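The values are calculated or read from the model by the stated rules, or taken from the named source; none is laboratory data. Given the structure is predicted, the values throughout are model-derived calculations rather than measurements. Note: accessible area is taken over every heavy atom of the protein model, side chains too, but ligands, DNA and RNA are not part of it. Shrake-Rupley method; radii C 1.70, N 1.55, O 1.52, S 1.80 Å.
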Amino acid sequence: MDIALSVISLLLVLVLIARGVPGRNLLVALAMALAVVVLVVGVERAGLWPASFHTR
C-alpha cells in the first residue's frame, strides 16, 4: 500500500507541475521534478534524512 500511495502522489505532483508549464519546457520541468523526488527518496532510504522530518 505504501508503494501505491507513493506512486499516486508522485503522479499527482507531476500533473500539477505539467499544468502550469507551456509547451517545450514541459519535459524539462517533469524531468527536474522527477529528479528531485528520486533524490529525496534516495536520501531517505539511505538513512541520511533528518529524524525530525520523519512522519512515522
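Okay, here's what the table says:
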{"read-out": "Surface per residue (accessible, 1.4 Å probe) for the chain, Å²", "value": "87"}
{"read-out": "Heavy-atom accessible surface of the chain: percent carbon and sulfur, 1.4 Å", "value": "73"}
{"read-out": "Angle in degrees between helix 2-19 and the longest Cα principal axis of the chain, rounded to the nearest 10", "value": "30"}
{"read-out": "Helix-only mean residue ellipticity at 222 nm for the chain, each DSSP H run of n ≥ 4 adding -39500 (n - 2.57), per residue, nearest 500", "value": "-24000 deg cm²/dmol"}
{"read-out": "In degrees, nearest ten, helix 25-45 long axis to first principal axis of the chain (Cα)", "value": "0"}
